[in-house]
Amino acid sequence: MPPAIHIAGTNGKGSTLAFIRYIMQAAGYKVHAYTSPHLVNFNERIVIAGSYIDDNELYSLLEECRAVIAEQPITLFEAATIAAFLAFSRHKADITLVEVGMGGRLDATNVIDNPILTIITSIALDHTEYLGPTVETIAGEKAGIMKPNIPCVIAPQKKSIMNTLEFHAINKKSPLYRGGLEWNCKKKNNKMVFQSAIQSIEFPLPSLKGDHQVINAGNAIAACSILSGKYEFDIGEEDITSGLQCTYWPARLESIKEGNLIFLLPKDWQLFLDGAHNNDGARVLSQWVKDNFAEGIYMVFGVTRNRNVEEFLEHLKPYIKLLCAVCVKSEPKATNTNLIREKANNIGIKAVECESIGDAISNHILKASTQNVKTILICGSLFLARDLSTENNQPTS
């Protein structure tokens, strides 16, 4: 495989990877990328030199894997990882970006034993049944991707989390480049300033919305500074500017502009999709809503099982005028709408059960409209992106 950057973290992995990908493409480099989950098509997980893997090659690779695996037990993610790494080894590129599936230490992607750089993005409580009950334990699992003498970029973290990561870095002899210490990235006067010991550079705000994306962009700029300084990649300020402004990463405060559902809405309404699905994601999302739509929003909400619905919604409660509970159709382990409605009602949020996103908009939101509230936010699960895509693009009779 071309040289690899390995990325772990609870929130911001995909966005950080996307920023690096678009910056490096702006600098003229060919980039492989492996991410998960896919939103609509499985091919999204495997990007070969800038393009999604095509169906024929994906099929051939999976068949090749199937023959070798034979009767051995294997997960979907493990098989996809093998297929992706095989694909990357057979196509030329300058760099490979690999996102951890879950955790780090025991993740299938951690067979990469010689990355040129590792990155650990924001850490919070998630997947506690697999990764442990505290953020410090989870940080230890993420630190499993650190490698001896390989630099590790770390996003700004709470002190106890940073202490845990530093402890593992010392044991692994992995040099750290820490957000909030060796580098900073902050929003200032509608721009973004990246500072390190040797430079302070102003950039336009990234294309992805939300103040949290300034941190993710900082992770990417920090990574690129190591790539250019230590590994002599030719990445200039203009490449970073261009890359940050061109980055596309779906279901991250994505403004939906066209399709069947937009056709239902009055002209001055807005529809957003966000994949936030854990407590920390809800906190970040509520800050964005507060900054942009303090008058309130309508929420279409669906979630996978075993998520703390009340904890998530508590952050957004001050802004939700009506919550429309939907069952995530593309997720077999989805929470039913009755339970979502009950949990929302328990904490004082007005909620109704809906058959689909379209049903929520047509038969509930537009009929309950409150003056001055013209924003709909779909959130709770990344898998809702597929439901939205299906409803938004299906032929109308």
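The values are calculated or read from the model by the stated rules, or taken from the named source; none is laboratory data. It should be emphasised that the depicted structure is a prediction, and the values quoted were computed from it without experimental measurement. When we count neighbours, we look across all protein chains shown, and the Cβ atoms used for this are built from the backbone with ideal geometry, even at glycine. Quick note on the areas: whole protein, heavy atoms, side chains included, nothing else; ligands and nucleic acids left out. Shrake-Rupley method; radii C 1.70, N 1.55, O 1.52, S 1.80 Å.
If you go through the range 155-166 and keep only what is in contact with a Gly (Cβ under 6 Å, 6 or more places away or on another chain) and open to solvent by less than 10 Å² (accessible area, probe 1.4 Å), you end up with just A155.
Residues in the range 104-156 that are among the small types (G, A, S) and under 15 Å from A169 (Cα atoms): G104, A139, G140, A143, G144, A155. In the condition set (1) open to solvent by 10 Å² or more (accessible area, probe 1.4 Å); (2) not in a loop (DSSP other than H, G, I, E, B); (3) not aliphatic (A, V, I, L, M), Y298 is compliant with all but (1). Pairing residues of the range 178-189 that are at positive phi with residues that are of a type in the set (K, R), at Cβ distances under 7 Å and at least 6 apart in sequence or on separate chains, gives no pairs at all. The single condition from (1) within 25 Å of Y248 (Cα to Cα); (2) outside any loop (DSSP other than H, G, I, E, B); (3) open to solvent by less than 30 Å² (accessible area, probe 1.4 Å) that F77 fails is (3).
Yes/no matrix, rows are residues, columns are (1) aromatic (F, W, Y); (2) surrounded by 20 or more Cβ atoms within 10 Å (Cβ to Cβ); (3) modelled with pLDDT under 95:
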{"position": "P318", "(1), (2), (3)": "no, no, no"}
{"position": "K321", "(1), (2), (3)": "no, no, no"}
{"position": "V326", "(1), (2), (3)": "no, yes, no"}
{"position": "P332", "(1), (2), (3)": "no, no, yes"}
{"position": "I340", "(1), (2), (3)": "no, yes, no"}
{"position": "A344", "(1), (2), (3)": "no, yes, no"}
{"position": "I349", "(1), (2), (3)": "no, yes, no"}
{"position": "E353", "(1), (2), (3)": "no, no, no"}
{"position": "G358", "(1), (2), (3)": "no, no, no"}
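H315 meets the conditions (1) out of contact with any Gly (no Cβ under 7 Å at 6 or more places or on another chain); (2) within 13 Å of L377 (Cα to Cα) in every case but one. The failed one is (2). Restricting S200, S174 to residues that are surrounded by fewer than 19 Cβ atoms within 10 Å (Cβ to Cβ), on the phi < 0 side of the Ramachandran plot, of a type outside the set (A, V, I, L, M, F, W, C) and more than 19 Å from the chain's Cα centre (by Cα) narrows the list to S200. When residues in the range 88-135 are screened for being without any contact (Cβ under 8 Å) to a residue 40 or more places away in the chain and in a helix (DSSP H, G or I), 7 of them pass. Taking the criterion of being open to solvent by 40 Å² or more (accessible area, probe 1.4 Å) and free of Cβ contacts under 8 Å to residues at least 40 places away in the same chain, the only residue of the range 203-227 that qualifies is L205.
Restricting the search to the range 164-186, which residues are of a type in the set (K, R) and in a strand (DSSP E or B)? Quick ask: steps written out before the conclusion?
In the first step, residues of the range 164-186 are kept if they are of a type in the set (K, R); the result is 172-173, 178, 186.
Those that are of a type in the set (K, R) and in a strand (DSSP E or B): R178, K186.
Among the conditions (1) assigned to a helix (DSSP H, G or I); (2) open to solvent by 10 Å² or more (accessible area, probe 1.4 Å); (3) closer than 21 Å to G302 by Cα; (4) in contact with a Gly (Cβ under 9 Å, 6 or more places away or on another chain), the only one that R252 does not satisfy is (1).
To keep it simple, each residue is scored yes or no on (1) more than 26 Å from H38 (Cα to Cα); (2) of a type outside the set (G, A, S); (3) under 14 Å from the mean Cα position of the chain (by Cα); (4) at pLDDT below 95.
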| residue | (1), (2), (3), (4) |
| --- | --- |
| C224 | no, yes, no, no |
| F233 | yes, yes, no, no |
| G236 | yes, no, no, no |
| Q245 | no, yes, no, no |
| P266 | yes, yes, no, yes |
| G275 | no, no, yes, yes |
| D291 | yes, yes, no, yes |
| V300 | no, yes, no, no |
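As a summary of the residue check, N184 satisfies the conditions (1) more than 22 Å from the chain's Cα centre (by Cα); (2) closer than 22 Å to K230 by Cα except for the one numbered (1). In the range 20-59, the qualifying residues are those that are without any contact (Cβ under 8 Å) to a residue 24 or more places away in the chain and among the charged types (D, E, K, R), and the one that is surrounded by the most Cβ atoms within 10 Å (Cβ to Cβ) is E44. Just to be sure before I move on: is L62 open to solvent by 40 Å² or more (accessible area, probe 1.4 Å), farther than 23 Å from G12 by Cβ, part of a helix (DSSP H, G or I) and modelled with pLDDT of 95 or more in the structure I sent? Spelling it out, L62 is indeed open to solvent by 40 Å² or more (accessible area, probe 1.4 Å), farther than 23 Å from G12 by Cβ, part of a helix (DSSP H, G or I) and modelled with pLDDT of 95 or more. Contact map, the range 329-355: first residue under 16 Å from N306 (Cβ atoms), second residue among the hydrophobic types (A, V, I, L, M, F, W, C) and open to solvent by 30 Å² or more (accessible area, probe 1.4 Å), Cβ cut-off under 8 Å, separation 6 or more or different chains; pairs are E331/F383; A334/C327; A334/F383; T335/C327; N336/C327.
Within the range 256-286, being of a type outside the set (K, R), open to solvent by 40 Å² or more (accessible area, probe 1.4 Å) and either touching a Pro at 6+ places or on another chain (Cβ under 8 Å) or not in a helix (DSSP H, G or I) (or both) holds for E258, P266, D268, Q270, H277.
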